[in-house]
Amino acid sequence: MRQILVLLCVYLFFLQLPLEAQEEVKKKEVDSLRNLLSSTKNDSIRIRLFLKISSLHRGEPVEALNACRNALNIARGKELGLLEGLIWENISLAYRDLGNYSEAIESSFRALRIYDELNLPEKTASLELQIGSHFTAENNYPKAITYISQALNTFQQRKDTANVVLAMINLGETYRLAGNADSAAILFQECLELNQKLDNDNIEIVKGYARGNLGMVYATQNKEEEAIELLKSAMEILGEMGDYYSTSVYQSELAQIYIRQGQKARGEGLLHDALQTAEREKLKEQIRDISKDLSLFYEQTGRYHDALELRKQYEVYHDSLVNIENVRKTEQLESQYWLDRKDADIRILEVENQSKRRTVIILSFGAAVLLILLSILYRLQILRKRAYKKVAEQKDIIEKREKEKALLLKELNHRVKNNLQMVSSMFSLQAAQFKGEPAADALVASRRRIDALMLIHQKLYREDVDTHIRLADYIKELVDNLVYGFGKEVDLHLDLSTAKLYIDLAIPLGIIINELLTNSLKYASGESKLRIDVALKEENDKLRLIIADNGPGIPEGFDFRKSRSLGMKLVHSLIRQLQGELTQTNDHGCRWELSMSSDKLQN
């Protein structure tokens, strides 16, 4: 689901200096603030200077965090009240920019406790809105709704209409993302009514977002005519303001409405317009999403060549955004490393200061003792530095090799997954051409086996694991994909162990599950609704897989070991490879039970 969020502050549009000029101005201002830091000893002034430096580094979270940490070190042990709250509030924003929402939330709560103690309801409400935005970004919508609602109540009690409007649009968007369309619609409508009473520069931008998001809500409620009017209005307002990201989101949503109404040419044209806007403005997320929408549209209308080309573009931008997320995680780890290292340096300095204080006391006992102690300390310092240097060099070598190894494994799994995806797509297209012929079923079955293999490699590169995968997650996604692919209504029951399994065993196990479930989905039809149970348990050093349905069961006399079916032959072969044992019984349906040794599990 596409998201349009206005969190903590309404966007202001203004003429900007060229990027190089902005950087030059910021550098000069930071240098000026650092000069002031070196010339003042007042702790409160120094803290405010560091907070100003942190705000100038917004968008550079590592630098912002360093400035905040410096301010926090000055504030330690002092009762500074509001200043300490501001420090934690700025730390929260820096962690949010890094994507570390747990640290951002923890820092916000630290600031919130301070503001509560100081009885600052306005600051408390603003921080509750900030905490709610963190929870929204984490997709924790119930908690987000709780904190944004608390902020809204405070703003309403204080008759702070500008912040009431801001809280409403955030709460409405959170309800929309949580799937509560009715509550979202009410909030967006009230937001639009209140916004008309304001007299500031933010009226049009709030109107644009509220109308656009309300249009998206109406689209989910099948109020298509109202949705069309609101989306057009939002596109016009935000387009004039240069907000091309939101404009392209609303264009895409409007196109989907036209397509559902049967105006396919109009919807296709609007999707193309949105894609051109996204490409012109280099909006990678929108290029990815709109390429996917167009690919599905072309596939549904039988234009498979165009669908395949746009699917390729979707994959390229999808992988690019995955890489961006990985870069952000790397920056997060890097920032934590440098912050921890800075704390370690501070602790070392504290130890050295204590040592110097003891040395001053020892001085009173005579110069001779002092010289001896100084020589010993000097020697220990040299040895320690040598030891630190050697350990650091060895650590750097090990970390470099591990990173290279992890990167190679990830790239290999990524490429294997992409190749399998391409093969799967070709099988799908070929099966579509042979629709109604016996070859089509064979192609679809082969595609499902390839999808089972592809899912393993997809999990390996997306979840940053190397050779083991979590069986519960893999089997659940595999089963969901199969059920979705058959388009049947199934009462599915899963009871899965949380153990991890080596990839060489996970692959044959996945194919076995694929074949047995496929049989249930194809042949287990009866008068009652189809029920399928999948259980994976660890019992007495054994791993047991059970797949059962409520169908008519297997005919008497059937022996899967002697079956001429390719699927059963494949199952029998893979059972031998796993050194396992497969049994089949008819117990109110067909029941398969696979037992194998659990010594390859990683708990």
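The values are calculated or read from the model by the stated rules, or taken from the named source; none is laboratory data. Predicted model only: the values in this text are computed from it and were never measured. Ideal geometry is used to build each Cβ from the backbone, glycine not excepted, and the neighbour counts take in all protein chains shown.
The listed residues are 575, 546, 532, and the only one of them that is in contact with a His (Cβ under 8 Å, 6 or more places away or on another chain), under 30 Å from residue 487 (Cβ atoms) and either surrounded by fewer than 19 Cβ atoms within 10 Å (Cβ to Cβ) or among the β-branched types (Val, Ile, Thr) (or both) turns out to be 532. Applying the criterion of being over 27 Å from the mean Cα position of the chain (by Cα) and in contact (Cβ under 8 Å) with a residue 24 or more places away in the chain to the residues of region 479-491, the residue that is surrounded by the most Cβ atoms within 10 Å (Cβ to Cβ) is 490. If you check residue 446 against the conditions, is it of a type in the set (S, T, N, Q), at pLDDT 70 or above and over 42 Å from the mean Cα position of the chain (by Cα)? Here the answer is no, as residue 446 does not meet what is asked. Is it the case that residue 212 is modelled with pLDDT under 85 and surrounded by 24 or more Cβ atoms within 10 Å (Cβ to Cβ)? No.
Considering only residues in region 85-104 that are among the aromatic types (Phe, Trp, Tyr) and over 21 Å from residue 119 (Cα atoms), the one that is nearest to the chain's Cα centre (by Cα) turns out to be 101.
Helices (runs of 4 or more DSSP H) fully within region 109-211 that include at least 1 residues being of a type in the set (Val, Ile, Thr) and in contact with a Cys (Cβ under 6 Å, 6 or more places away or on another chain): 161-178.
In summary, residue 41 fulfils each of the numbered conditions (1) free of Cβ contacts under 8 Å to residues at least 12 places away in the same chain; (2) among the charged types (D, E, K, R); (3) assigned to a helix (DSSP H, G or I) with the single exception of condition (3).
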